[in-house]
Amino acid sequence: MVRWGILSTGDNASKFAKDLLIDPSTRGVHDITHTLSAVASSTSLQKAQDFLSAIQAPTTTAYGSYDALLQDPAVEIVYISTPHSLHFQNARAALLAGKHVLLEKAFTVNAAQARGLVQLAREKHLFLMEAMWTRFFPLTQHVRDLIQTGTIGAVQRVVADRNLGRNIEELYGTEHRLVNPALAGGALLDLAIYPLTWIFYFLYPDRPALRSRPRVSSSLVKYAPTGVDETATVVVSFPETRTQGVATASLRVASDPTDPGVRILGDKGQIQIFGPAARPLGVAVVSYGGDAAVERKDFEIPVGHGLFWEADACARCLARGEIESDVMPLDETVLIMEVMDSVREGNGLKYPDEIESC
Ligand SMILES: NC(=O)c1ccc[n+]([C@@H]2O[C@H](COP(=O)([O-])OP(=O)(O)OC[C@H]3O[C@@H](n4cnc5c(N)ncnc54)[C@H](OP(=O)(O)O)[C@@H]3O)[C@@H](O)[C@H]2O)c1
């Protein structure tokens, strides 16, 4: 049984909290249970209490400051779901308080901050993971199995896309966290992280001997009112395996929800993944040659949003005394942050100094 604390009462924190309260047996999980011990708001105690009323968690402790939650001995692991600009400082405070940490994507504002957190967690022997929930979907593990058993042959390219299709001016103005540079907004950190995680999951070689620094080229379209990127395209090349990934993401661009958001191309066929790249729902395997056969399999998300699978993975790591997940390894999180640093550098996207510092 794992005892969670949550920092923030935002939209995503609410989805995660509701998922924690769902009986794991509804998704066929019988080896672990989750307890929501505490929730903290940085704004007020009332906000935390309202959050707990809304999700119907009357026995969970509400706090009106993040520090107060971090001092609560009932909390073992902290889930942090604040704007990107605060991830480093919130996660550092949690680790210094001796808590394990599950930290929302994008992990930090830059790679230097990510490296700092990883070093601190390792020094203190505490669990730390980027909350890249998509990797823990049974669908994603099914795709990994298909690839490992050679279903589409050698993987040569991954093309992945994540768009919101929003009227940014009307919906987000200049202050919303998605467009606000002071909160590290923009499509790259918020959305392109998903296409990049698909690319790295299937193209970054498992064998250390084949690993070398990927080459990155990119282009960003800026949102004029605030200067963050509204659209991002990143091409990542892996020299040792001669493979390439193309990640596209946009707050503004609309896309057909029936199109596959992710395509994994092999020399014998391809895997198409349907549904949002963050929350995939179906897989089609297309085999090349003679009949060009297509096999489709849908993956229903049981009761809830689907954030519980990453929570289950954290619980299992804690039960086994592991401080890192091999599904979302910290070195890969840091490497992806380095890719995003180089995209920002190449396209002149800099955030205020206060949020870039360690
Ligand atoms: N995994 C997913 O599917 C998914 C989906 C959406 C977002 N996310 C990630 O989750 C995180 C939060 O996103 P969200 O959409 O939930 O954001 P949100 O609704 O704006 O919530 C952010 C919360 O952070 C807290 N906060 C602390 N300081 C703040 C500040 N200076 N400005 C604004 N908020 C502040 C606030 O809670 P208090 O006032 O209670 O402290 C606020 O409610 C981000 O890292 C985002 O990338 C993940």
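The values are calculated or read from the model by the stated rules, or taken from the named source; none is laboratory data. If you're wondering where the values come from, they're calculated on a predicted model, not measured in any experiment. Cβ: placed from backbone, ideal geometry, glycine included. Neighbour counts: every protein chain shown. SASA here: full protein model, heavy atoms, side chains in, ligands and nucleic acids out. Shrake-Rupley method; radii C 1.70, N 1.55, O 1.52, S 1.80 Å.
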Exercise. Counting only protein heavy atoms and using a 1.4 Å probe, what share of the accessible area of segment 41-186 belongs to carbon plus sulfur, as a whole percent?
Worked result: 49
Problem set entry | Mean projected area (nm²) of the alpha-carbon convex hull when the chain is viewed from all directions | 17.7
Exercise. Under a 5 Å amide H to amide H cut-off, with H placed in plane at 1.01 Å, what residues pair with G266 once short-range neighbours are removed?
Worked result: Q156, I271
Exercise. Which whole-number percentage describes the relative contact order of the chain, with Cα contacts under 8 Å and a sequence gap of 6 or more?
Worked result: 19
Exercise. For D256, D331, D161, what's the largest-to-smallest order of accessible area, 1.4 Å probe?
Worked result: D331, D256, D161
Problem set entry | Within the chain, longest stretch clear of exposed GluC sites (Glu not before Pro) (DSSP loop, no more than 14 other Cβ within 10 Å) | 1-174
Problem set entry | Degrees, to the nearest 10: 84-96 long Cα axis against longest axis of the chain | 60
Seminar exercise, completed: With x for Gly and Pro, the residue-by-residue ³J(HN,Hα) of segment 271-283, computed from phi through the Karplus equation 6.51 cos²θ - 1.76 cosθ + 1.60 at θ = phi - 60° and given in whole Hz, is 10, 10, 10, 9, x, x, 4, 7, 9, x, 10, x, 10
For this session: Just tell me which lysines come within less than 23 Å, Cα to Cα, of K350; anything on the same chain fewer than 8 places away is out.
Result: K105, K222
Exercise. Once both axes come from the Cα atoms, what is the angle between helix 193-203 and the longest principal axis of the chain, in degrees from 0 to 90, rounded to 10?
Worked result: 50
Exercise. Once phi is turned into ³J(HN,Hα) by the Karplus curve 6.51 cos²θ - 1.76 cosθ + 1.60 with θ = phi - 60°, what whole-Hz value does each residue of segment 23-39 show in order, with x for glycine and proline?
Worked result: 4, x, 5, 5, 10, x, 9, 10, 8, 9, 9, 10, 10, 8, 7, 7, 9
Exercise. What's the Kirkwood radius of segment 135-302 in Å, using all Cα pairs?
Worked result: 16.9
For this session: Report the far tail of the P(r) of segment 84-208, meaning the percent of Cα-Cα pairs longer than 17 Å.
Result: 66
For this session: Go through segment 320-333 residue by residue and turn each phi into a ³J(HN,Hα) via Karplus (6.51, -1.76, 1.60, θ = phi - 60°); whole Hz please, and just put x for glycine and proline.
Result: 8, x, 8, 9, 8, 9, 8, 7, 10, x, 5, 5, 6, 4
For this session: Return the loop-located trypsin sites (Lys or Arg not before Pro) in segment 182-258 (DSSP other than H, G, I, E, B) with at most 12 other Cβ atoms within 10 Å of their own Cβ; answer none if there are none.
Result: R242
For this session: Run the dipole for the chain about the Cα centre, Lys and Arg Cβ at +1, Asp and Glu Cβ at -1, nothing else charged, and hand back the magnitude in debye, nearest 20.
Result: 420
Exercise. Over segment 135-302, what relative contact order in percent results from Cα pairs under 8 Å that are six or more residues apart?
Worked result: 28
